[in-house]
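Enquirer: Before I ask anything, here is the structure I am working with.
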Amino acid sequence: GDSVTQMEGPVTLSEEAFLTINCTYTATGYPSLFWYVQYPGEGLQLLLKATKADDKGSNKGFEATYRKETTSFHLEKGSVQVSDSAVYFCALSDSGGYQKVTFGTGTKLQVIP
Amino acid sequence: DVKVTQSSRYLVKRTGEKVFLECVQDMDHENMFWYRQDPGLGLRLIYFSYDVKMKEKGDIPEGYSVSREKKERFSLILESASTNQTSMYLCATNRGVGSPLHFGNGTRLTVT
């Protein structure tokens, strides 16, 4: 079945540091890929998405590129801020008729001033 | 903006009680989902529904049931709560395959 593997956390960075959170997936067909973010005390919200190979999703300075050859969707940001402290989830949506969305285990990011 | 409202932020129940978690969405989306979130395990799908009165089991349906009598409302039912059901429960909705999920703020359930 489908699966998503993302790097273990927590990740602690200083403000303005470069961020990479790795995400790889296994899936049949051609899934859509997502990054969601969860701020403390809240539900998840969509950060960015990509629906086909070589697509780049971007939002709020974050980027991720759908790499079919390496089955990866790594999240990057050039300069993190304290307000980026949250838990980040990589996810995929099956391209078939089944509505299932599969999530990774989440990576907690803490940014210190 | 889609709004997904979960009726309670925090619940404390006793072992053996019947528990209802309610979720309401305001965007006429076909699909609704219940997930539970546990540290180190991420989000796991309990049940989803793609239409009124329709439901499908997710990865961990044991000990749970669901009800969808109206399009905007999706209820998760714990028939006899147990301590291993202590968790954060998240409701979500989307408009179809490949479209993003919209989440409620979650219900933190503690079973003692």
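The values are calculated or read from the model by the stated rules, or taken from the named source; none is laboratory data. As the structure is a prediction and not an experimental result, all values here were calculated from the model. Using ideal geometry, Cβ is built from the backbone for each residue, glycine included, and neighbour counts are taken over all protein chains shown. For the accessible areas, the whole protein counts, side chains as well, though only heavy atoms, and no ligand, DNA or RNA atoms are used. Shrake-Rupley method; radii C 1.70, N 1.55, O 1.52, S 1.80 Å.
Enquirer: Hey, what's the range B:27-112 come to in accessible area per residue, 1.4 Å probe, Å²?
Expert: It amounts to 43 Å² per residue over the range B:27-112.
Enquirer: So how many Å³ per residue does the convex hull of the Cα atoms of the range B:63-108 work out to?
Expert: Value for the range B:63-108: 98 Å³ per residue.
Enquirer: Over all distinct Cα pairs, what is the inverse of the mean 1/r for the range A:49-113, reported as the Kirkwood hydrodynamic radius in Å?
Expert: Computed over Cα pairs of the range A:49-113, the Kirkwood hydrodynamic radius comes out at 13.3 Å.
Enquirer: Still on this structure: List the residues of the range A:28-60 for which accessible area in the full set of protein chains is at least 10 Å² lower than for the chain on its own; 1.4 Å probe, protein heavy atoms only.
Expert: A:SER32, A:PHE34, A:TYR36, A:GLN38, A:GLY41, A:GLU42, A:GLY43, A:LEU44, A:LEU46, A:LYS49
Enquirer: Still on this structure, please answer the following. For the range A:6-48, which whole-number percentage of the solvent-accessible area (1.4 Å probe, protein heavy atoms only) is attributable to carbon and sulfur atoms?
Expert: 53
Enquirer: May I ask you to give the percent of accessible area on chain B that is carbon plus sulfur, with a probe radius of 1.4 Å?
Expert: Exposed carbon and sulfur together represent 48 percent of the surface.
Enquirer: Roughly how large, in nm² to one decimal, is the mean projection of the convex hull of the alpha-carbon atoms in chain B?
Expert: Value for chain B: 6.5 nm².
Enquirer: Bin width 10 Å, origin at 0, all Cα-Cα pairs of the protein assembly as shown: what percent of pairs per bin?
Expert: Taking every Cα pair in the protein assembly as shown, the percentages come to 8, 33, 35, 19, 4, 0.
Enquirer: Using 31 Å as the Cα-Cα cut-off, could you pick out the over-long pairs in A:LYS60/B:LYS18; A:LYS60/B:LYS13; A:LYS108/B:LYS3; A:LYS68/B:LYS70?
Expert: A:LYS60/B:LYS18; A:LYS60/B:LYS13; A:LYS68/B:LYS70
Enquirer: In peptide B:89-102, how many Cβ atoms from other protein chains are near each Cβ within 10 Å, on average?
Expert: 5
Enquirer: Using a 10 Å cut-off around each Cβ of peptide A:67-80, what is the average number of partner chain Cβ atoms that fall inside?
Expert: Rounded to a whole number, the mean comes out at 0.
Enquirer: If you count only protein heavy atoms with a 1.4 Å probe, what accessible area per residue comes out for chain A, rounded to a whole Å²?
Expert: I get 47 Å² per residue for chain A.
Enquirer: Taking both sides together, what accessible area is buried at the A/B interface, probe 1.4 Å, expressed in Å² and rounded to the nearest 100?
Expert: When A and B are taken together, about 1800 Å² of accessible area is lost.
Enquirer: Let me ask something else about it. What residues qualify as long-range amide H neighbours of B:GLY106, i.e. H under 5 Å apart, gap of 5 or more or another chain, H built at 1.01 Å from N?
Expert: Close amide H contacts, sequence-distant or interchain: B:GLN6, B:CYS91.
Enquirer: For chain A, state what percent of all Cα-Cα pairs lands in each successive 5 Å bin, counting from 0 Å until the bin that includes the largest distance.
Expert: Calculated P(r), rounded to whole percents: 2, 13, 24, 25, 18, 10, 5, 2, 0, 0.
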